[in-house]
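Just below is one structure, and these are the notes that go with it.
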Amino acid sequence: MRGDLSFKVKFEVIPPEEYKKVKGTEDHILCPDKETVIDVNHTDKGGTGITTNSSMIDFILHMDEKLDRILAVVSKDRVEGELLNQGAGLNISGAGMKMIVDKPVEPGQIIHTNFVLSRIPLVLIDVLGEVAWVTPVDEDGKTVYHLGIRFLNLTSNDKERIIACVFQRQRENIRKMRNERYDDKGS
């Protein structure tokens with residue numbers, strides 16, 4: 001199941017040695033296996049429920065970005081001030097995604113990606129992927145690159161969240177088309 005979704009992606013190319021270390025150990029710093037969802041409809045046993053508003057979600061997302069910047073500054077392996085690359089996800093499935101970037105990346109390279117797939121419920125995905133293919137595309141006189149990414153360490157929970165987001169977006173599109181048809185007939 002693949003869905004056309006648009007989302008911002010932060011990424012960095014991982015050297016092969018670093019990927020081998022991450023892959024060969026139980027160190028989950030780059031690929032945590034934990035729940036990263038805040039469900040605004042969840043009600044606890046006491047019946048009080050959890051309320052989350054868009055301001056709280058914005059705060060969490062900005063905090064995540066600030067932590068990335070702090071890590072970039074204190075990291076010994078990075079040049080001071082170097083930040084993660086930015087791209088845009090064009091579509092996604094449980095096996096991989098297509099994204100667009102403005103700098104070329106080579107097929108076979110490993111990238112560490114981080115993106116928000118849904119704001120409510122908040123779904124953050126942090127995954128390593130292999131660049132399967134690269135296609136240069138001319139957009140308004142500027143060359144950009146479409147990348148096919150094959151996920152390497154996607155957890156089953158994250159895969160289920162991706163599929164749920166794709167289904168949710170498809171249901172929203174179907175409702176929107178029905179409403180547009182209804183409005184056209186009613187006019």
Worksheet entry | For Asp126, Asp64, Asp183, order by how many other beta-carbon atoms lie within 10 Å, fewest first | Asp183, Asp64, Asp126
Discussion item. 5 Å is the cut-off here: which amide hydrogens, built 1.01 Å from N in the peptide plane, fall below it relative to Leu5, excluding neighbours closer than 5 in sequence?
Written reply: Asn91, Ile92
Worksheet item: Nearest 20 debye, what's the magnitude of the dipole of the range 97-187 about its Cα centre given +1 on Lys and Arg Cβ and -1 on Asp and Glu Cβ?
Response: 500
Worksheet item: Under the definition of Cα pairs under 8 Å and six or more residues apart, what whole-number percent is the relative contact order of the range 104-168?
Response: 29
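The numbers here are math on the coordinates, done by the rules we state, and not lab data. Predicted model, so just to flag it, every value in this text is computed and none were measured. Cβ atoms come from the backbone with ideal geometry, glycine included; neighbour counts cover every protein chain shown.
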